[in-house]
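Below is one structure, written out as C-alpha cells; comments come after it.
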Amino acid sequence: MPTQSLIESKKIALGAFGRRLKSKRGPGIATKATARKLAVLYWRLMVKGLDYTEKGIKAYEEKMQLHREKWLIKTAKELGYELEQIPI
C-alpha cells in the first residue's frame, strides 16, 4: 500500500504526520488519515490546479513545535499562570 511506504519515509512531511499519528492513535487510524490527506492533496493538485511544494520533515516539526507552544501558552493562561521563555 502506498500509504504505508509513505509513513515509513524519512524525508517527507506526510511520513512524519503518519508516524506521529501512529504513535498516538494506532496504525489503522494513521494509515487511513495519511491516505485521506494524500487524496485531498492529489485532488487539490489535479482539480483545483493548486501548487504544492514538499517542505520536508524539518518544516513540519517546526510547525508542530509552534503549535505545541501556542497550546501551552493558552492552557497556562486559562489556568491563571503566565509563562516566561528562557533563552537556551
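The values are calculated or read from the model by the stated rules, or taken from the named source; none is laboratory data. All values reported here derive from a predicted model rather than from experimental measurement. Using ideal geometry, Cβ is built from the backbone for each residue, glycine included, and neighbour counts are taken over all protein chains shown. All accessible areas refer to the heavy atoms of the entire protein, side chains included, with ligands and DNA or RNA removed. Shrake-Rupley method; radii C 1.70, N 1.55, O 1.52, S 1.80 Å.
So that you can scan it fast, the table gives a plain yes or no per residue for (1) in contact with a Lys or Arg (Cβ under 9 Å, 6 or more places away or on another chain); (2) modelled with pLDDT of 90 or more:
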{"residue": "MET1", "(1), (2)": "no, no"}
{"residue": "GLU8", "(1), (2)": "yes, no"}
{"residue": "ARG20", "(1), (2)": "no, yes"}
{"residue": "ARG36", "(1), (2)": "no, yes"}
{"residue": "MET64", "(1), (2)": "yes, yes"}
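For the stretch 16-50, a residue qualifies if it is among the aliphatic types (A, V, I, L, M) and either touching a helix residue (DSSP H, G or I) at 6+ places or on another chain (Cβ under 7 Å) or open to solvent by 70 Å² or more (accessible area, probe 1.4 Å) (or both), and the qualifying residues are ALA16, LEU21, ILE29, ALA30, ALA33, ALA35, LEU38, MET46, VAL47, LEU50.
Of the residues contained in the stretch 11-31, one or more are found to be β-branched (Val, Ile, Thr) and in a helix (DSSP H, G or I).
Residue pairs whose Cβ atoms lie under 8 Å apart, sitting 6 or more positions apart in sequence or on different chains, and linking a residue in the stretch 1-15 that is farther than 16 Å from TYR60 by Cβ and open to solvent by 70 Å² or more (accessible area, probe 1.4 Å) to a partner that is β-branched (Val, Ile, Thr) and assigned to a helix (DSSP H, G or I), are MET1/THR31; GLN4/THR31.
Scanning the stretch 60-88 for residues that are acidic (Asp, Glu) and part of a loop (DSSP other than H, G, I, E, B) yields GLU82, GLU84. Residue pairs whose Cβ atoms lie under 6 Å apart, sitting 6 or more positions apart in sequence or on different chains, and linking a residue in the stretch 59-88 that is under 17 Å from ARG20 (Cα atoms) to a partner that is assigned to a helix (DSSP H, G or I) and not charged (D, E, K, R), are TYR60/ALA13; TYR60/ALA16. Taken over the stretch 66-88, residues that are surrounded by 11 or more Cβ atoms within 10 Å (Cβ to Cβ) and either modelled with pLDDT under 90 or among the aliphatic types (A, V, I, L, M) (or both) amount to 4.
Every test in (1) open to solvent by 70 Å² or more (accessible area, probe 1.4 Å); (2) assigned to a helix (DSSP H, G or I); (3) modelled with pLDDT under 90 is passed by ILE57 save one, and that test is (1).
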